[in-house]
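Here is the structure we will look at, set down as structure tokens.
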Amino acid sequence: MAAENVNNPQCGSALGEMSVIELKKEIKRLKHEKNALIMAHYYQRDEIQEVADFIGDSLALARKAAETDADIIVMCGVHFMGETAKILCPDKKVIIPDAEAGCSLADSCDPEEFAEFVAAHPDHTVVSYVNTSAAVKAHTDIVVTSGNARKVIDSLPEDEKIIFGPDRNLGEYINTVTGRRMLLWDGACHVHERFSLERILEMKKEHPGAKILVHPECKRPLQLIADKVGSTAALLDFAANDDGKEYIVVTESGILFEMRNKCPEKTFLAAPAEDAECQCNQCDYMKLNTLRKVYDCLLTETPEILVEPQLAEKALRPIERMLALS
Ligand code: 13P
Ligand code: SF4
């Protein structure tokens, strides 16, 4: 990678301008000095995945947070991922490179409205996707990620009435593959909803041998044309163990970094979005984190993720129930 200047004028660091190489060296030094663990989601910028000690999907990040003996967790992902880590490790310091890194899906589920929905269906078990605030998790019986949703739902009695929120596309997918009729909250992720079926079919015509990999947060028509529907880790796993040579990847394009790392002999094409100007699909929240901000947050140990203890206690139970099941 070119040693481009990544100086951020907003940052008051005494080190002034630093190259990517210097930043990586300093990040490494600081993380050893502070016994910090850098975790990154697959949607993070390539250079952040390069400095991370651990990269994974939401489920793997939660599992890793639960077992680490580091003093500081640097969560290079979005806010709910940091919050989940903090709930699992209340005694550790959890920091995130950019406090504004939120999630449109989590935002599509207002805790008060969700509480009313739950109260209106008292005989239902409440299953929530991990992409939710701690306040929503506090109204939940079991948390799931896209990596274990099917397994968790299959573990519930067949006649159990279930509320599933907030992602309607993942909920619809789970209803289809399990034959359940879960009551769905009407939420969605802006990144996964903006993929264009039409443009992906055009791409498939140009690459007839390519297999289509789809995240379950995408709309149903996209799920229907998929060779594989799965979480980021499941899509990676499929590509690594499949005999295909070319793939159209219908999820946030950050995943291509690890796909190309794991399978250098294969070709991965980022699926196009509805907007013809947009060649790939990126999560603006995930991309708020930069290498410079990783360095700054390690140096200053801010911004810190804090969860009010009573709320954390309520949100912990459904997360632990998920971890015990999967
Ligand atoms: P995964 O659990 O598949 O990593 O998904 C997280 C996410 O935010 C998808 O948009
Ligand atoms: Fe949230 Fe969508 Fe970004 Fe994932 S890709 S963090 S669901 S906004």
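The values are calculated or read from the model by the stated rules, or taken from the named source; none is laboratory data. Note that this is a predicted model, so its numbers are computed, not measured. Here Cβ is always computed from backbone atoms with ideal geometry, including for glycine, and neighbour counts include all displayed protein chains. Protein only, heavy atoms only, side chains kept; ligands, DNA and RNA dropped before computing areas. Shrake-Rupley method; radii C 1.70, N 1.55, O 1.52, S 1.80 Å.
Residue-wise test of (1) among the small types (Gly, Ala, Ser); (2) away from ligand 1 (no atom under 14 Å from the Cβ).
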{"site": "Ser196", "(1), (2)": "yes, yes"}
{"site": "Glu202", "(1), (2)": "no, yes"}
{"site": "Lys205", "(1), (2)": "no, yes"}
{"site": "Leu213", "(1), (2)": "no, no"}
{"site": "Lys219", "(1), (2)": "no, no"}
{"site": "Lys228", "(1), (2)": "no, no"}
{"site": "Asp237", "(1), (2)": "no, no"}
{"site": "Asn241", "(1), (2)": "no, yes"}
{"site": "Val249", "(1), (2)": "no, no"}
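Under the condition of being away from ligand 1 (no atom under 14 Å from the Cβ) and of a type in the set (S, T, N, Q), which residue from segment 35-82 is least open to solvent (accessible area, probe 1.4 Å)?
Thr68
So which residues in segment 193-219 are open to solvent by 50 Å² or more (accessible area, probe 1.4 Å) and within 20 Å of the chain's Cα centre (by Cα), if there are any at all?
Once the filter is applied, which keeps residues that are open to solvent by 50 Å² or more (accessible area, probe 1.4 Å) and within 20 Å of the chain's Cα centre (by Cα), segment 193-219 yields Arg194, Lys219.
Scan segment 49-99 for residues that are away from ligand 2 (no atom under 12 Å from the Cβ), closer than 21 Å to Gly165 by Cα and either touching a Phe, Trp or Tyr at 6+ places or on another chain (Cβ under 6 Å) or free of Cβ contacts under 8 Å to residues at least 12 places away in the same chain (or both) and report the count.
So the answer is 0.
Tell me which residues, restricted to segment 105-128, are more than 21 Å from Leu170 (Cα to Cα) and either open to solvent by less than 20 Å² (accessible area, probe 1.4 Å) or not aliphatic (A, V, I, L, M) (or both).
Glu112, Glu116, Pro122, Asp123
How many residues are within 16 Å of His215 (Cβ to Cβ), more than 16 Å from ligand 2 (Cβ to nearest atom) and out of contact with any Lys or Arg (no Cβ under 9 Å at 6 or more places or on another chain) when one looks only at segment 238-276?
The qualifying residues number 1.
Scan segment 306-320 and report the pairs whose first residue is farther than 11 Å from Ile142 by Cα and at pLDDT 95 or above and whose second residue is open to solvent by less than 100 Å² (accessible area, probe 1.4 Å) and basic (Lys, Arg), with Cβ atoms within less than 6 Å and a gap of 6+ or a chain change.
From residues that are farther than 11 Å from Ile142 by Cα and at pLDDT 95 or above, the pairs are Val307/Lys86.
Pick from Gly102, Gly147: which is outside any helix (DSSP H, G or I), closer than 23 Å to Gln44 by Cβ, open to solvent by 40 Å² or more (accessible area, probe 1.4 Å) and within 16 Å of ligand 2 (Cβ to nearest atom)? Reasoning before the result, please.
Working: Gly102 fails: open to solvent by 40 Å² or more (accessible area, probe 1.4 Å).
Being outside any helix (DSSP H, G or I), closer than 23 Å to Gln44 by Cβ, open to solvent by 40 Å² or more (accessible area, probe 1.4 Å) and within 16 Å of ligand 2 (Cβ to nearest atom) holds for just one of Gly102, Gly147, which is Gly147.
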